[in-house]
1. How big is the convex hull of the Cα atoms of the stretch A:6-157, per residue, in Å³?
2. Label position 7 Å from Cα toward Cβ: report the copy-to-copy distances for A:Asn134 in nm, one decimal, ordered from shortest.
3. Label position 7 Å from Cα toward Cβ: report the copy-to-copy distances for A:Ser104 in nm, one decimal, ordered from shortest.
4. Please give the length that would be gained between A:Ser27 and A:Ile92 if that part of the chain were fully extended, namely 0.36 nm times their separation in residues minus their C-alpha to C-alpha distance (nm, one decimal).
5. If I require 30 Å or longer along the helix axis, counting alpha carbons, and a Kyte-Doolittle average no lower than -0.5, what helices from chain B are left? Use full DSSP H segments.
6. How many Å² of accessible area per residue for the protein assembly as shown, probe 1.4 Å?
7. Let me know the mean shielding of B:124-133 by other chains, meaning the per-residue number of their Cβ atoms within 10 Å of its Cβ.
8. How would you classify the protein assembly as shown from its alpha-carbon gyration tensor, with a ≥ b ≥ c the square roots of the eigenvalues: rounded for a/c under 1.5, else prolate if a/b is greater than b/c, otherwise oblate?
Number of protein chains: 2
Amino acid sequence: MAGMKKTKLSASLEDYLEAIYNLAGDSNITRSRDIAGQLGVSRASVTGALRALKDKNLVHYKPYNYISLTESGRIAAAEIANKHDILKSFFIDVLGEKSAIAQSAACKAEHALGPEIIARLLSFIEFVNHNSENGRNLVEEFRKFCGTKRNKRKVEK
Amino acid sequence: MAGMKKTKLSASLEDYLEAIYNLAGDSNITRSRDIAGQLGVSRASVTGALRALKDKNLVHYKPYNYISLTESGRIAAAEIANKHDILKSFFIDVLGEKSAIAQSAACKAEHALGPEIIARLLSFIEFVNHNSENGRNLVEEFRKFCGTKRNKRKVEK
DNA sequence: TGACAAAGTTAGGCGTAACTAACTATATTA
DNA sequence: TAATATAGTTAGTTACGCCTAACTTTGTCA
């Protein structure tokens, strides 16, 4: 087939890949420093991740050079980023979560939940959105539903 | 306050704690071997986990003895198991996932998603369930919604 | 009661993923 | 162009979570 075997990425490598994808934008180049900043890790950690991603043919990487995604890297990253965005907007728009928390949860969700659940969850989100446009506004109703419960119980931390 | 500072547990330690909780049942005792079996890890790994849990005062553990949960261990485990069950039934009853997959996803979900999202998600599940009993059967509708989309796209792996 | 099996632990190793500190390469600019 | 600042790498450490192999403890039963 067209694509070669997708070597499964660890949670952390997916994060790196997505960060590169977001940082690189149209130019498709970015730098180690920026990746480190984006992910809040040390520059040394980025170097390590870049080596791993290069091994998997996902990035073009030469020490001291700009970093860019390979074709398969871009495809993989786009897929990750897409699911990520859907989850994030579910967390924000439906569940009403704050952006920053939604962001980091979306990052981790996929690895944790696995492809089957994610696929189903994405469908479900689509369903909720679809309903909220064409039928009953579930999001609105959920908000009200939450309102009626507030103060009835303590949210413990 | 009543409880001492909850030292945050790693994903894996929570899994051990929950396994002990489930295995111990009313008797509140279990054995290393059974924990290993339940989680599919080696006996040696269980020993390591038990030491960590004992350090955090969550289990009574003495080498070569039966294992039981402390009071705070039981409280922590019950909380984990409860959220776990809610998530699992959402995955199964709403999303339509298979039991085994739902099980493992529920295990990991909490660590990954974090307490805020989980709390909101639990509310949302409650909302969906509430609706499916008292109002429109959202679960049914979601199933249909999925049906209309099947065959329109490829689910890639 | 002593041999054996089962249960449990210890020791040592592996992979991942992060860190700091120190080094090297590159870029800027006086 | 030489000094310096910035970027990037290397080496070494730590922590976690798992493994296997070998050892110890405990319980059973002939």
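1. 134 Å³
2. Listed shortest first, these distances are 2.7 nm.
3. Copy-to-copy label distances for A:Ser104: 2.7 nm.
4. Contour length minus Cα-Cα distance gives 20.5 nm.
5. Sorted by number, the helices that extend far enough and score high enough are B:99-134.
6. 59 Å²
7. Mean shielding by partner chains, rounded to a whole number: 3.
8. Oblate shape, in that a/c is at least 1.5 and b/c is the bigger or equal ratio.
The values are calculated or read from the model by the stated rules, or taken from the named source; none is laboratory data. Because the structure is predicted, anything quoted here is derived from the model rather than measured. Backbone-built Cβ (ideal geometry, glycine too); neighbour counts: all protein chains shown. Please note that ligands, DNA and RNA were not included when accessible areas were found on the heavy atoms of the full protein model with its side chains. Shrake-Rupley method; radii C 1.70, N 1.55, O 1.52, S 1.80 Å.
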